[in-house]
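One structure is given below, encoded as structure tokens.
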Amino acid sequence: MKKVVEVLANREQLIDRSLEIVLSKISEAIAERGLCTIAAAGGSTPEPLYRALCAQDLPWDKIHVFWGDERYVPPEHPDSNQRMARLAWLDRVNIPASNIHPMPTGAGDPAADAAAHQTELQQFFKVSDGEFPAFDIILLGIGDDAHTASLFPGTAALEVRDALVTVGNKDGQPRITFTVPLINRARCVIFMVAGASKQPALAQIFAPAADEMTYPARLVQPDGELWWLLDAAAGEAVK
Ligand code: 6PG
């Protein structure tokens, strides 16, 4: 694993830097494999990155977009991660609808939706049960509690090692989330973290030792590159 931690002066530079890395990974993936797979993050931090991507002249037909986690709400709900990315990005570029792979949330049964999405991933990447496909880019954020994707402290989802997708639990509410082994197969994971409220979580995530069940972002140790992009306020924690 190649790990890089960068502290950028402000949110704007954090977005510029994330855009630069994402664009270079997209062209690398397309040059090497003919397509690029990206998992989008929810939360507020990546939204300006999504807006910036609209202005890029990219071979959208070769880019496939997934989500690392989803709130268990319909796609038109204000809390939907899919909705946020569609409004800021996907509805505004010429990407084929079949290249957009949202996490389903309509079965009335989160486990069934997680299983259906796992099947979609297995078919898309042509992997069998027990195999984990490598995403080209997984975007992630962290919460003030050090969760990432919908891997919340002390929840069963953190321990799932035999599935690609599982049911997360935020204060009793179900979410759909990538599992730790799926995230860790990625060629490139980019954490985007902004704001002083993230300092205590970052201090524990970067500590030489701390409990992974309490600070789930510590579990992210990908085979490929791991980028931590922090704005100056968050970056105080890693000085
Ligand atoms: C979600 C996210 C989540 C998010 C963090 C950071 O669906 O809530 O995927 O893990 O990335 O909570 O959120 P902010 O960017 O708003 O700080």
message: Looking at the stretch 103-239 only, what percent of DSSP beta bridges run antiparallel? Nearest 5 please.
response: 45 percent
field: Environment charge at residue 104 (Cβ cut-off 9 Å; Lys +1, Arg +1, Asp -1, Glu -1)
entry: -3
query: At residue 19 and residue 122, where each label point lies 7 Å from the Cα along Cα→Cβ, what is the point-to-point distance in nanometres?
result: 4.0 nm
- line: With the dipole of the chain defined by +1 on each Lys or Arg Cβ and -1 on each Asp or Glu Cβ, the option from 9, 179, 105 whose Cα lies farthest towards the positive pole is 9
message: Need one number: nm distance between label points at residue 209 and residue 159, each 7 Å from Cα along Cα→Cβ, rounded to one decimal.
response: 2.1 nm
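With r as the distance between the Cβ atoms of residue 56 and residue 232 and R0 = 35 Å, compute the FRET efficiency 1/(1 + (r/R0)^6) and round to 0.05. Provide the component values of the computation, followed by the final result.
Numbers: r = 26 Å, r/R0 = 0.74.
After rounding to 0.05, the efficiency reads 0.85.
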statement: Per-residue ellipticity at 222 nm attributable to helices in the chain (runs of n ≥ 4 DSSP H, -39500 (n - 2.57) apiece, nearest 500 deg cm²/dmol) works out to -9000 deg cm²/dmol
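Out of all DSSP beta bridges in the chain, what portion is antiparallel? Express it as a percent rounded to 5. Mind showing how you got there, number by number?
Numbers: 11 of 35 bridges.
Percentage antiparallel, nearest 5: 30.
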- request: Report the far tail of the P(r) of the stretch 162-239, meaning the percent of Cα-Cα pairs longer than 17 Å.
  value: 55 percent
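Using a probe radius of 1.4 Å on heavy atoms only, what accessible surface per residue do you get for the stretch 2-230? Whole Å² is fine. Each step should come with its number before you reach the end.
Numbers: 9550 Å² over 229 residues.
That works out to 42 Å² per residue.
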task: Rounding to the nearest 20 debye, state how big the charge dipole of the chain is about its Cα centre with +1 on each Lys and Arg Cβ and -1 on each Asp and Glu Cβ.
output: 300 debye
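For the stretch 2-230, what's the relative contact order in percent, using C-alpha pairs closer than 8 Å and at least 6 residues apart? Kindly include the intermediate steps, with their values, before the conclusion.
Values: 445 pairs, mean separation 54.7, N = 229.
Over the stretch 2-230, the number comes to 24 percent.
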- request: Quick one: dipole size for the stretch 79-139, taken about the Cα centre, charges +1 on Lys/Arg Cβ and -1 on Asp/Glu Cβ, in debye to the nearest 20.
  value: 300 debye
message: Given a 1.4 angstrom probe, I'd like the percentage of the accessible area of the chain that is carbon and sulfur, rounded to a whole number.
response: 49 percent
- line: With all protein chains in place and a 1.4 Å probe, residue 72 shows an accessible area in Å² (nearest 10) of 50 Å²
- request: Only helices at least 30 Å long along their axis, Cα-based, and averaging -0.5 or more on Kyte-Doolittle count here, so list those DSSP H runs from the chain.
  value: 11-33
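The values are calculated or read from the model by the stated rules, or taken from the named source; none is laboratory data. Just so we're clear, the structure is a prediction, and the values are computed from it rather than from any experiment. Positions of Cβ are backbone-derived with ideal geometry, glycine not excepted, and every protein chain shown enters the neighbour counts. To get the accessible areas, we keep the full protein, side chains included, count just its heavy atoms, and leave off ligands, DNA and RNA. Shrake-Rupley method; radii C 1.70, N 1.55, O 1.52, S 1.80 Å.
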